[in-house]
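Structure first, then comments.
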Protein chains: 2
Amino acid sequence: MATANLFKNIPKHLPEEWFETLCKTGQVHIERIVSRGHVTAEAYWYDQDWAEWVVLLQGRAVLAYEGRPSITLNPGDYVLIPAHTKHRVEWTQEDADTVWLAVHLLEPPAG
Amino acid sequence: MATANLFKNIPKHLPEEWFETLCKTGQVHIERIVSRGHVTAEAYWYDQDWAEWVVLLQGRAVLAYEGRPSITLNPGDYVLIPAHTKHRVEWTQEDADTVWLAVHLLEPPAG
């Protein structure tokens, strides 16, 4: 029941985007992601077998879905990315840490 | 794939604590909770059959576990409340909206 903080204990050096599991069960994976100007590798699209509910909590980012207009995410903005919806992070703020909270739903959402 | 924001569209009048389902599957329930000075009814303890991962994102609150010292939560603070760990919200900020994001894990977490 220890308390931890989503905005603390971020490594000083982040050569790559940083993924940290906060809680994991058979059906759910709660993850903190910290980006510092990082983007998804060029021409790579995430294509997940499961839906992902994700909220941007700090910083700013641009999320792209294949074949659709990109969307800018500001703190508090959240989206549900259905399984097999190809997506990538096109841009994140360079001079600040962009903090994401992702909830991977290892079965399809009902609604 | 519409974007919504955790800090927006909060009702002007909140006679009671406000619960809003953001995403629900058979195994997970993601919920936004907004408190404005609200606390859990006196002498009532939440006693859930499932674990709850919860983060306070705005405002401030005091969370109590039965038989243990209360903890103060500030923005970004998160806790995992195991199933059947009796808890209640003892205090929330009165002059601001306290925004929580709760992920109810409808099966026990592995670690």
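Residues are listed down the side, and each one gets a yes or a no for (1) free of Cβ contacts under 8 Å to residues at least 24 places away in the same chain; (2) open to solvent by 60 Å² or more (accessible area, probe 1.4 Å); (3) closer than 14 Å to A:ILE30 by Cα:
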| residue | (1), (2), (3) |
| --- | --- |
| B:VAL62 | no, no, no |
| B:VAL79 | no, no, yes |
| B:PRO82 | no, no, no |
| B:GLU94 | no, yes, no |
| B:LEU101 | no, no, yes |
The listed residue being facing another protein chain (nearest Cβ under 8 Å), within 21 Å of A:TRP100 (Cα to Cα) and more than 12 Å from the chain's Cα centre (by Cα), out of B:LEU57, B:LEU105, B:LEU101
B:LEU105
Taking region A:1-46 and keeping residues more than 20 Å from B:LEU105 (Cβ to Cβ), away from every other protein chain (no Cβ under 12 Å) and either aliphatic (A, V, I, L, M) or open to solvent by less than 50 Å² (accessible area, probe 1.4 Å) (or both) leaves A:PRO11, A:LEU14, A:GLU17, A:VAL34, A:SER35, A:GLY37, A:HIS38, A:VAL39, A:THR40, A:ALA41, A:ALA43
All-but-one check, A:LYS12 against (1) in a loop (DSSP other than H, G, I, E, B); (2) over 25 Å from B:ASN5 (Cβ atoms); (3) within 13 Å of the chain's Cα centre (by Cα), failing number (3)
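The values are calculated or read from the model by the stated rules, or taken from the named source; none is laboratory data. Just so you know, these numbers come straight off a predicted model, no measurement behind them. Neighbour counts are summed over all protein chains in view; Cβ atoms, including those assigned to glycine, are modelled from backbone coordinates with ideal geometry. Ligands, DNA and RNA are stripped out before the accessible areas are found, and what is left, the full protein with its side chains, is counted by its heavy atoms. Shrake-Rupley method; radii C 1.70, N 1.55, O 1.52, S 1.80 Å.
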